[in-house]
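Here is the structure we will look at, set down as structure tokens.
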Amino acid sequence: MRCLVTGAKGMLGTALCGRLREKDHEAVGWDLPAHDVTDIESSINGIHQVGPDVIFHLAAWTDVDGCEGEPARAASVNFQGTWAMALGAAETGAKLLYISSDYVFDGKKDRPYREKDEPAPLSVYGRSKLMGEKAVQRTCKRWFTVRTSWLYGRHGRNFVDTIRKKAEAGEPLRVVDDQVGSPTRAEDLCDPLLTIAESRRFGTYHVANAGQCSWFELAREVVTLGGGKSTVEPADTATIARPAPRPAFSALDTRLVRRKFGIRMRPWQEAVRDHLGVPAAEAGS
């Protein structure tokens, strides 16, 4: 299978390109500065030249607070860039798999979000990702939208590694305890994305590591597993002012991908342990 991966140098893109090649698929990677997905004409022409069977559109501006201050840039990257890829997919007949976010929801549910729940984003970032979802749905017929949550991984800056470094340095940590989601390891996401993309079961899916926790609980788990010297104190969102509002609860219900594809994501605690390189016996001791 010939695959085009946008955002190929990013955390998920690097992991996915590596996994595709391990599975003997051809992976053509696009990223800045050579490829700017917001250049619509260039993107469409490039898709024609590559001739992919599947486009994995991962390129995005994911700085939630940055997006809040620059809504035009957020729309350019997360909406216009996605629309360009959808136009190219429609013209060439390629499948398009678009990565979206739990931040398209407002966090007012008291249960994990399902695919049919109505999005109501609170932030510029969430709105721009939802605009991307709608562009995909309206522009091409062979599409998948995969919403995921709280990504971290080996190839890029992320919350888990930031906490680990601060804990190793013995820095005191205050982390919000009133935002709950589903931490997801980028490496764990790759095989499910491939399984979905190889199918013809088009639509929207939620894929995340199993379970849910707050940022505070995630940080505490990282410190405990990593043997850091820091103490982790809970805080509430109101006391840690951030430019962009976040949903208080954005855990994702993944039963649909289990039912349609047999995809069963492991618990987030196991994924964090593997990311930190902690053996299972040591983690359980």
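Derivation of every value follows stated rules applied to the coordinates shown; laboratory data play no part. All of these numbers come straight from a predicted model, not from anything done at the bench.
For the range 188-254, list log₁₀ I(q)/I(0) at each q in 0.22 Å⁻¹, using the Debye formula over Cα point scatterers of equal strength and ignoring solvent, two decimals each. So the normalised log intensities work out to -1.04. Roughly what angle does helix 11-22 make with the longest principal axis of the chain, taking Cα atoms, 0 to 90 degrees, to the nearest 10? That helix lies at roughly 60 degrees to the long axis. Taking amide H atoms as placed 1.01 Å from N in the peptide plane, the amide H of V180 lies under 5 Å from those of F249, S250, each 5 or more residues away in sequence or on another chain.
Note that the range 140-146 has calculated 3J(HN,Hα) couplings of 10, 8, 9, 10, 10, 10, 10 Hz, one per residue in order, obtained from phi through the Karplus relation 6.51 cos²θ - 1.76 cosθ + 1.60 (θ = phi - 60°); glycine and proline are x.
Strictly greater than 25 Å: what percent of every Cα pair in the chain meets that? Mind showing how you got there, number by number?
Working: 18503 of 40470 pairs.
Cα-Cα pairs in the chain separated by more than 25 Å: 46 percent.
Compactness of the range 156-285 is given as radius of gyration and Dmax, 16.3, 50 Å, from Cα positions. Taking amide H atoms as placed 1.01 Å from N in the peptide plane, the amide H of S101 lies under 5 Å from those of T148, each 5 or more residues away in sequence or on another chain. Report, in whole Å, the centroid distance computed from the Cα atoms of the range 242-260 and the range 1-22. The distance from the Cα centre of the range 242-260 to that of the range 1-22 comes to 23 Å.
Of the cross-linked pairs K9/K134; K9/K116; K23/K229; K116/K141; K95/K260, which ones have a Cα-Cα span greater than 30 Å in the structure shown?
Cα-Cα > 30 Å for K9/K116; K23/K229; rest within.
Just to check, using Stokes-Einstein with a Kirkwood Rh over alpha carbon pairs, what's the diffusion coefficient of the range 40-142 at 20 °C and 1.002 mPa s in µm²/s?
Taking Rh from Cα pairs, D becomes 151 µm²/s.
Spatially, the range 165-205 and the range 78-115 are offset by 16 Å when compared through their Cα centroids. Compared with the dominant Cα axis of the chain, that is its longest principal axis, helix 159-168 is turned about 30°. Amide H to amide H distances under 5 Å link Y205 with T145, V146, R147, where only residues 5 or more positions off or on other chains count and H is placed in the peptide plane.
Averaged over every viewing direction, what's the projected area of the C-alpha convex hull for the range 73-204? Give it in nm², one decimal, please. Can you show the working numbers first?
Numbers: hull surface 38.4 nm².
Its Cα hull, projected and averaged over all orientations, spans 9.6 nm².
Taking Cα atoms only, the orientation of helix 40-50 departs from the longest principal axis of the chain by about 80 degrees.
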